[in-house]
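Enquirer: For reference, the structure I am asking about is given below.
The values are calculated or read from the model by the stated rules, or taken from the named source; none is laboratory data. Since this is a predicted model, take the numbers as computed values, not measurements. Reconstructed Cβ throughout: ideal geometry from the backbone, glycine too, with neighbour counts over all protein chains shown. The accessibility values were calculated without ligands, DNA or RNA, using every heavy atom of the protein model including side chains. Shrake-Rupley method; radii C 1.70, N 1.55, O 1.52, S 1.80 Å.
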Amino acid sequence: MKFGILINEGPYQHQASDTAYNFVKAALDKGHEIFRIFFYHDGVNNGTRFTVPPQDDRNIQVRWSELAEKHGLDLVICIAAAQRRGIMDEDEAKRQGIDGNNIAPGFRISGLGQLIEAGIQADRLVVFGD
Amino acid sequence: MSDTTKKFLYLNRKAPYGTIYALESLEVVLIGAAFEQDVALAFVDDGVYQITKGQDTAGIGVKNFSPTYSALGDYDVNKIYVEKESLEARGLTVDDLLDLKYEDEDDDWAEKDSIRVVTAQELADIMDEQDVILSF
């Protein structure tokens, strides 16, 4: 089956990102396809490489980046939600005149149309949120 | 945009200003309208407050985005379900809600109400018919 994933909550504050990660890993292990993972609302905060959690805890961002690299996952951060919350890639920082970027490896910033497309293309869109 | 038409339901569960879910849900609805899917909105729990009329946010310094709901009819978003039990639990009736209308192109562009008050059971059946449910 082809899954689309929507993550609406930030890391550590809420279990949504952890649960989505475990779901995606289990789905991939079973041979399912992940069409796209879309980060919305505070979920965009999963995609900053500037998080430094304590060493004896999981690193949620690194875990996503590594899973994306291993399986070629499409991790998409909503641009409108990202702009509100200070998640920047190089192009967006330049466009906004911001002096740096913080997007994590394997993530890309794009529009809400990518979420709708995931709903259309995937067999199931699974929402992880509050 | 796409040769596939799916039934999308946006499920709105939270009050409009305490969190950003309502505003960002509305942003998805507006963007999603360009994809020409079969779209419906549902309001349950405190989500029913999102479409109450007479919202005034001057005192909290947050933008009042409730006028935007009135534009949904122009985006062919005209199935707006409101759960009866959620209204009743909050002492609200349909008269407390925004007067949301659309023009029915299959009925000589007659102006009709977009809001349909449904019971929890009816809403459960509606949800069962959907291809995609985005819950905010």
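Enquirer: Looking only at segment A:90-106, filter to residues that are within 15 Å of the chain's Cα centre (by Cα) and more than 12 Å from residue A:44 (Cα to Cα); which one of those is nearest to the other protein chains (Cβ to nearest Cβ)?
Expert: At the first step, the residues of segment A:90-106 found to be within 15 Å of the chain's Cα centre (by Cα) are A:102-106.
Within this subset, residues satisfying the condition of being more than 12 Å from residue A:44 (Cα to Cα) are A:105-106.
Numbers: A:105: 26, A:106: 23 Å.
My answer is A:106.
Enquirer: Within segment B:55-73, does at least one residue satisfy the condition of being on the phi < 0 side of the Ramachandran plot, surrounded by 13 or more Cβ atoms within 10 Å (Cβ to Cβ), within 14 Å of chain A (Cβ to nearest Cβ) and in contact with a Lys or Arg (Cβ under 9 Å, 6 or more places away or on another chain)?
Expert: no
Enquirer: Output the qualifying pairs, or none if there are none: Cβ atoms under 9 angstrom, residues six or more apart or on different chains, first residue in segment A:110-124 and more than 7 Å from chain B (Cβ to nearest Cβ), second residue open to solvent by less than 20 Å² (accessible area, probe 1.4 Å) and among the small types (Gly, Ala, Ser).
Expert: A:117/A:4; A:118/A:4; A:121/A:4; A:122/A:4; A:123/A:4; A:124/A:4
Enquirer: For segment B:39-54, which positions are open to solvent by less than 40 Å² (accessible area, probe 1.4 Å) and not polar (S, T, N, Q)?
Expert: Step one: filter segment B:39-54 for residues open to solvent by less than 40 Å² (accessible area, probe 1.4 Å), giving B:39-44, B:47-48, B:50-52.
B:39, B:40, B:41, B:42, B:43, B:44, B:47, B:48, B:51 - these are the residues of segment B:39-54 that are open to solvent by less than 40 Å² (accessible area, probe 1.4 Å) and not polar (S, T, N, Q).
Enquirer: Among the strands (runs of 3 or more DSSP E) lying completely within segment A:22-130, list those that include at least 1 residues that are open to solvent by 50 Å² or more (accessible area, probe 1.4 Å). Talk me through it step by step, then tell me what you get.
Expert: Working: elements: A:33-39, A:75-78, A:107-110, A:124-128.
It comes to A:33-39, A:107-110, A:124-128.
Enquirer: Something else now. What do you reckon, is residue A:60 within 19 Å of residue B:19 (Cα to Cα), without any contact (Cβ under 8 Å) to a residue 60 or more places away in the chain and within 14 Å of the chain's Cα centre (by Cα)? Full working, then the answer.
Expert: On the way: within 19 Å of residue B:19 (Cα to Cα): no; without any contact (Cβ under 8 Å) to a residue 60 or more places away in the chain: yes; within 14 Å of the chain's Cα centre (by Cα): yes.
Taking the combined requirement at face value, the residue does not satisfy it.
Enquirer: If you don't mind, another one. Counting just the residues of segment B:83-96 that are in contact (Cβ under 8 Å) with a residue 40 or more places away in the chain and farther than 14 Å from residue B:53 by Cα, which one comes out most open to solvent (accessible area, probe 1.4 Å)? Full working, then the answer.
Expert: At the first step, the residues of segment B:83-96 found to be in contact (Cβ under 8 Å) with a residue 40 or more places away in the chain are B:83, B:86, B:90, B:92, B:96.
Narrowing the set further to residues that are farther than 14 Å from residue B:53 by Cα leaves B:83, B:86, B:90.
Details: B:83: 29, B:86: 4, B:90: 71 Å².
Per the stated criteria, the residue is B:90.
Enquirer: Restricting attention to segment B:102-136, which residues are in a loop (DSSP other than H, G, I, E, B), in contact with a helix residue (DSSP H, G or I) (Cβ under 7 Å, 6 or more places away or on another chain) and within 14 Å of chain A (Cβ to nearest Cβ)? Spell out how you get there, then give the answer.
Expert: Start the filter on segment B:102-136 by keeping residues that are in a loop (DSSP other than H, G, I, E, B), which leaves B:108-109, B:114, B:119, B:129-131, B:136.
After this cut, where a residue has to be in contact with a helix residue (DSSP H, G or I) (Cβ under 7 Å, 6 or more places away or on another chain) as well, the list is B:114, B:119, B:136.
Listed by number, the list holds a single entry, B:136.
Enquirer: State which residue is farthest from the other protein chains (Cβ to nearest Cβ) when the search covers only segment B:11-38 and only residues that are open to solvent by 10 Å² or more (accessible area, probe 1.4 Å) and part of a strand (DSSP E or B).
Expert: The qualifying residue farthest from the other protein chains (Cβ to nearest Cβ) is B:38.
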